[in-house]
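Notes to accompany the following structure.
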Amino acid sequence: MMTENKSTPFDVESIRKDFPILSRKVNGYPLVYLDNAATSQKPLAVIDALVDYYSNYNANIHRGVHTLSQEATDAYEQAREKIRVHFNVRQSKEIIFTSGTTHAINLVASGFRSILQKGDEVIVSTLEHHSNIVPWQMLCESTGAVLKVLPINQEGELEMNEFSRMVSPKTKLVVVNHISNALGTINPIEEIIKITHNAGAAVLIDGAQACAHIKPDLQALDVDFYTCSAHKMCGPTGVGILFGKEEWLSKLPPYQGGGEMIKEVTYEKTTYADLPHKFEAGTPNIAGGIAYGVALDYLNKIGFDKIAQYENQLLQYATEQLLEIEGLRIFGTGKNKTSVISFNIQGIHPYDIGTIVDKLGIAVRTGHHCAQPLMDFYNIPGTVRASFAFYNTFHEIDVLIKAVKKAKQMLT
Amino acid sequence: MEIKEIQEEIIDEFSFFDDWMQRYEHMISLGKSLPLIDEQNKTDEYLIKGCQSKVWVFPEFKDGKVYFTADSDAIITKGIVALLLRVFSNQTPQDILNADTSFIDVIGLKEHLSPTRANGLVSMIKQLKMYALAYQSQLN
């Protein structure tokens, strides 16, 4: 296979040196990490930031008057500010630190219990991850609202004509992912937000899969809620954000009670703190938040344009090479995609392929990708999913192709 | 044959293989000889939970011995089930309950024994022993 002629917009070999894990071996082979849609690897700068916090200024934030507490608070709030700038959010109080996307979605879903009424409608899409289905089902169960599902076509794209028909005055909330975790489809969220707003409803976009590939401008999008997880974009696990417009965040009741989120507490009545602290009960993941800021710095230094351009080349190359394997079918063939390829080989269970390629040092995901309704749509038990990041190489794709061919030969 | 003898036979069989690829190829071929479950018994009742692939195991109790038939939609899993059935099928409930499964480690399939492994080998063993326990309590 020819890989030498591919031009790269940046020096991938030097980038790889920033990620200590990429030099390890798995089952005797150099690790080929192609499970980036599940979680990304971490550059040394992020790992160092975690160590630095615990080694030098570990303290609880927002309360102590002592120096360490002040330093930790400053670093944590600086991270919030970096996030604000990154996502082009108007005010930093519209950024709520959460434990990740799932927490962020649950926070909003829980808040809407006091807003939705019987007969109101919530629209989700067929492309959703379970974490963007179940909280809304729970919300509908408790309020009597109706959950409606936006269909997709065979290519794995949202049926936008159908969407326009589904939205009505009953619609109160539309929740869609920015990019499908299972297929990699980039959804037309600008259009979704516009149509939803015209109907007077709110939109939540689950950006968990998008933020590693795209730098969304949240003011330009005019979205009401946007969520993402740090760990998918080179940051640590256990931290993420909810962006919410101030008008919405003020309307929603607190999610959890506890320290930090209060103004005054007596046994008769508690008044809640202002945004963002109203939604940040308890001691947060301080080191994680700080390191998330460092991850954003790291990605921005490389540049999201370059990342997207390079990842697209990887996607195209891998798609072409995989399709040369007889009997291989790719799920998610929309025009607008990020570097995720979900596939099956006729007559072979994805689990079998995953097991064999793992033996060859390759990490891919197999299974239903927490998107069972989507697997039901295609009538398959699951897929093999290879997802690429900017630190992957064309050579690694060659290794994958060779391994998949080997697996096919062994399994048929 | 007693469970211990069968396990030794399997260990012996696998000792000829130099690398994982040969072991897996052997397992895949074992999968093809799995005593297949009757299609009508492929129901949720006989589906083993905790596997990424589907695994059905159907038990029968005849003349004091437990017999299993099974199937899976993944071929490596089928091979693993075939190995387990070779050990556990056609045995008394008591022998099944007493059996240890360290042979799986010895033949180089240790990674499949992890309780977090999505293939659910641990769930399979547990289910086989549960059936044995149920038959054992019928005897008492």
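The values are calculated or read from the model by the stated rules, or taken from the named source; none is laboratory data. What you see is a predicted model, and the numbers here were worked out from it, not measured in a lab. Positions of Cβ are backbone-derived with ideal geometry, glycine not excepted, and every protein chain shown enters the neighbour counts.
Structural remarks
- The range B:24-75, residues that are among the polar types (S, T, N, Q) and either in contact with a strand residue (DSSP E or B) (Cβ under 9 Å, 6 or more places away or on another chain) or farther than 20 Å from residue B:1 by Cβ (or both): B:29, B:40, B:41, B:43, B:52, B:53, B:69, B:72
- Qualifying residue in the range A:324-337 (condition: part of a helix (DSSP H, G or I) and farther than 19 Å from residue A:229 by Cβ): no
- Residue within the range A:238-247 that is assigned to a helix (DSSP H, G or I), of a type in the set (A, V, I, L, M, F, W, C) and crowded, with 20+ Cβ neighbours inside 10 Å present: no
- Residue satisfying condition, being farther than 20 Å from residue A:278 by Cα and surrounded by 15 or more Cβ atoms within 10 Å (Cβ to Cβ), within set A:54, A:33, A:29, A:76: A:33
- The range A:195-223, residues that are in contact with a strand residue (DSSP E or B) (Cβ under 6 Å, 6 or more places away or on another chain) and either assigned to a loop (DSSP other than H, G, I, E, B) or surrounded by fewer than 16 Cβ atoms within 10 Å (Cβ to Cβ) (or both): A:199, A:201, A:207, A:208, A:209, A:210, A:211, A:223
- Residues that are within 21 Å of residue A:261 (Cα to Cα) and in a helix (DSSP H, G or I) within the range A:58-76 comprise A:69, A:70, A:71, A:72, A:73, A:74, A:75, A:76, listed in sequence order.
- Residue match in the range A:362-373 (condition: part of a helix (DSSP H, G or I) and at pLDDT below 95): yes
- Of the candidates A:303, A:347, A:332, the single residue that is within 30 Å of residue A:154 (Cα to Cα) and surrounded by fewer than 22 Cβ atoms within 10 Å (Cβ to Cβ) is A:347.
- Being within 14 Å of chain A (Cβ to nearest Cβ), in contact (Cβ under 8 Å) with a residue 12 or more places away in the chain and surrounded by fewer than 18 Cβ atoms within 10 Å (Cβ to Cβ) holds for only one residue in B:49, B:54, and it is B:54.
Results for (1) out of contact with any Lys or Arg (no Cβ under 6 Å at 6 or more places or on another chain); (2) among the hydrophobic types (A, V, I, L, M, F, W, C), shown as yes or no for each residue.
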{"position": "B:56", "(1), (2)": "no, yes"}
{"position": "B:60", "(1), (2)": "yes, no"}
{"position": "B:65", "(1), (2)": "yes, no"}
{"position": "B:69", "(1), (2)": "yes, no"}
{"position": "B:77", "(1), (2)": "yes, no"}
{"position": "B:84", "(1), (2)": "yes, yes"}
{"position": "B:93", "(1), (2)": "yes, no"}
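- Looking only at the range B:3-31, and only at residues there that are within 14 Å of another protein chain (Cβ to nearest Cβ) and polar (S, T, N, Q), the one that is farthest from residue B:110 (Cα to Cα): B:29
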